[in-house]
Amino acid sequence: MAVADLRPTDEALELRERVRVFMEAHVYPNEAALDREDDEADALIAKLRARAKEEGLWAPHLPPEAGGSSGSFLVYAHLNEEIGRSLWGQLVFNCQAPDAGNGEILWHFGTEEQKRRFLDPLVSGEARSFFSMTEPDVPGSDPTTLQTRAVRDGDDWVIDGHKWFSSGAEGAAFGIVMAVTDPDADPHGRASQIIVPADTPGVEVVRAIPTMGHRGRGWTTHCEVRYTGVRVSVENTLGEIGEGFRIAQKRLGPGRIHHVMRWLGQMQRAFELMCSYALERETFGGPLAEKQTVQNWIADSAAEIHACRLMTLDAAHKIDQGDEARVEVSVIKFYAARVLNDVIDRAIQTHGGRGLTDETPLAAMSMMARGGRIYDGPDEVHKMVVARLILKSFAAGDGWRFE
Ligand SMILES: Cc1cc2nc3c(=O)[nH]c(=O)nc-3n(C[C@H](O)[C@H](O)[C@H](O)COP(=O)(O)OP(=O)(O)OC[C@H]3O[C@@H](n4cnc5c(N)ncnc54)[C@H](O)[C@@H]3O)c2cc1C
């Protein structure tokens, strides 16, 4: 079978070039100011977002009919190689997690009224949202064990539960909450996704949980959230009642590949920093670039980044063709998460002590990269999924073809 053409179209190339120029002019020079996460940083973000919108580089994960500027996974992958290079890029172009994934499920499953109330403000950039699934008391890896309950009372749901790692909940306008609506149904039919405005009585953002020493602010927080007698209309159910897992699958598949696309940008930036510094820094009578260990880091990183890139573009292309690409998405999720961490780690090691300072973006990149091996499914769970699906195909006598 012929290998798909994964190169960007001329139109995508032109868009990518505009994103690259924008990043050079407006994002990289402002990273240090944005990292301070204070009032000035918030004002700066608002300014950069307005500018990105003005330049037609807005919400590239959504098609133009939904208010975005792309909508093709393959094009989005190429754009994210630029956007993902800075940790702030996704927020500037309004394609940040978890709003991008929430926007996609609202677009696919929302009623007209839900789109008007919740999707439109997300796309315009007036509001942020959060996705509230993981709970402290049960394993997030196995969400069939979720305990948060939504009980029907007339035309309302009454929600009670305890969540954590609801990223971006601080300052968000609404959350999409995964709650058990029918405890007696089969494990994958028990839960529904319910849109909950953050100002509904009983919603309490208890705290932003510091992760790896970082509390965050607004969009960068990971919050503990309690729901106590939270009453919302049954009309806030996203999709059909009991469809929570099916929608989560629809959300998390693309969401995972969005992360990986951005990681491609992070890996390439770390790689460039490693190579440049290896040429510049001299030890024991010669540049680091001449030491074989450093050369091995560069060669291994080049091979691994190239593999990640091709696997990501291939999965994006398959999704564009209507394929769920479950094996491909899980493979790149765990593989790219490891490569991301390894490449950043090698780049830090090459920089010596400087790699741990804020003179380069590597330390901040490293802190963010570690979570990649856990969120949206830990490595081990994706490996389990890959092995299960491949073995199922073997058991059915079909074997497995790499195509
Ligand atoms: C930075 C960050 C942001 C997040 N944002 C969100 C968010 O916005 N919304 C949300 O709902 N959740 C979010 N999460 C939560 C995340 O999805 C969960 O942490 C993840 O699903 C794992 O669940 P858990 O933490 O409960 O770990 P557990 O499920 O308790 O698993 C613990 C460990 O057990 C191992 N393990 C689990 N299953 C297996 C297996 N079958 N075989 C071998 N080993 C296994 C893995 O190593 C795993 O890391 C976020 C997490 C992080 C770190």
task = Have a look at 31, 54 and point out the one that is surrounded by fewer than 11 Cβ atoms within 10 Å (Cβ to Cβ), out of contact with any Lys or Arg (no Cβ under 8 Å at 6 or more places or on another chain) and not hydrophobic (A, V, I, L, M, F, W, C).
result = 54
query = Hey, does the range 65-74 have a residue that's over 19 Å from the mean Cα position of the chain (by Cα) and surrounded by 15 or more Cβ atoms within 10 Å (Cβ to Cβ)?
reply = yes
task = Say whether the condition of being in a helix (DSSP H, G or I), under 20 Å from residue 320 (Cα atoms) and touching a Lys or Arg at 6+ places or on another chain (Cβ under 6 Å) is met by at least one residue in the range 79-86.
result = yes
Odd one out for residue 329 among (1) farther than 20 Å from residue 4 by Cβ; (2) in contact (Cβ under 8 Å) with a residue 60 or more places away in the chain = (1)
query = Does residue 115 satisfy the condition of being of a type in the set (Lys, Arg) and in contact (Cβ under 8 Å) with a residue 12 or more places away in the chain?
reply = no
key: Candidate set: the range 171-211, residues that are of a type in the set (Ser, Thr, Tyr) and either part of a strand (DSSP E or B) or within 17 Å of residue 135 (Cα to Cα) (or both); chosen: the one least open to solvent (accessible area, probe 1.4 Å)   = 192
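If I filter the range 368-383 down to residues being assigned to a helix (DSSP H, G or I) and either more than 6 Å from the ligand (Cβ to nearest atom) or of a type outside the set (Val, Ile, Thr) (or both), which single residue comes out as surrounded by the fewest Cβ atoms within 10 Å (Cβ to Cβ)?
Per the stated criteria, the residue is 380.
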note = Listed by first then second residue, the pairs whose first member lies in the range 134-146 and is on the phi > 0 side of the Ramachandran plot, whose partner is surrounded by 13 or more Cβ atoms within 10 Å (Cβ to Cβ) and of a type in the set (Gly, Ala, Ser), with beta carbons under 7 Å and at least 6 positions apart or on separate chains, are none
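Test residue 241 against the stated conditions and say whether it is at pLDDT 95 or above and under 18 Å from residue 370 (Cβ atoms).
On the way: at pLDDT 95 or above: yes; under 18 Å from residue 370 (Cβ atoms): no.
When the stated conditions are applied, residue 241 does not pass them.
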task = Look through the range 145-170, keep the residues that are open to solvent by less than 70 Å² (accessible area, probe 1.4 Å), within 22 Å of the chain's Cα centre (by Cα) and of a type outside the set (A, V, I, L, M), and return whichever of them is nearest to the ligand (Cβ to nearest atom).
result = 167
ask   = Looking at (1) of a type in the set (Lys, Arg); (2) more than 16 Å from the ligand (Cβ to nearest atom); (3) open to solvent by less than 40 Å² (accessible area, probe 1.4 Å), which is the one condition that is false for residue 401?
value = (3)
key: Cβ-Cβ under 7 Å pairs, at least 6 apart or on other chains, the range 57-78 side closer than 22 Å to residue 323 by Cα, far side of a type in the set (Asp, Glu)   = 61/104; 72/320; 73/320; 74/320
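If I go through the range 348-367 residue by residue, how many of them are in a helix (DSSP H, G or I), in contact with a Ser or Thr (Cβ under 8 Å, 6 or more places away or on another chain) and buried (at least 19 other Cβ atoms within 10 Å of the Cβ)?
At the first step, the residues of the range 348-367 found to be in a helix (DSSP H, G or I) are 348-356, 362-367.
Pick out the ones that are also in contact with a Ser or Thr (Cβ under 8 Å, 6 or more places away or on another chain) and you get 348, 351, 354, 363.
Adding the requirement that they be buried (at least 19 other Cβ atoms within 10 Å of the Cβ) leaves 348, 351.
Residues flagged as in a helix (DSSP H, G or I), in contact with a Ser or Thr (Cβ under 8 Å, 6 or more places away or on another chain) and buried (at least 19 other Cβ atoms within 10 Å of the Cβ) within the range 348-367 amount to 2.
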remark   = Over the range 96-142, the set of residues within 16 Å of the ligand (Cβ to nearest atom) and open to solvent by 30 Å² or more (accessible area, probe 1.4 Å) is 97, 128, 134, 136, 137, 139, 140, 141, 142
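The values are calculated or read from the model by the stated rules, or taken from the named source; none is laboratory data. Bear in mind that the values here come from a model prediction, so they are computed numbers and not experimental data. Because the Cβ atoms are built from the backbone with ideal geometry, glycine has one as well, and the counts that use them run over all protein chains shown. Note: areas computed on protein heavy atoms with side chains; ligands, DNA, RNA excluded. Shrake-Rupley method; radii C 1.70, N 1.55, O 1.52, S 1.80 Å.
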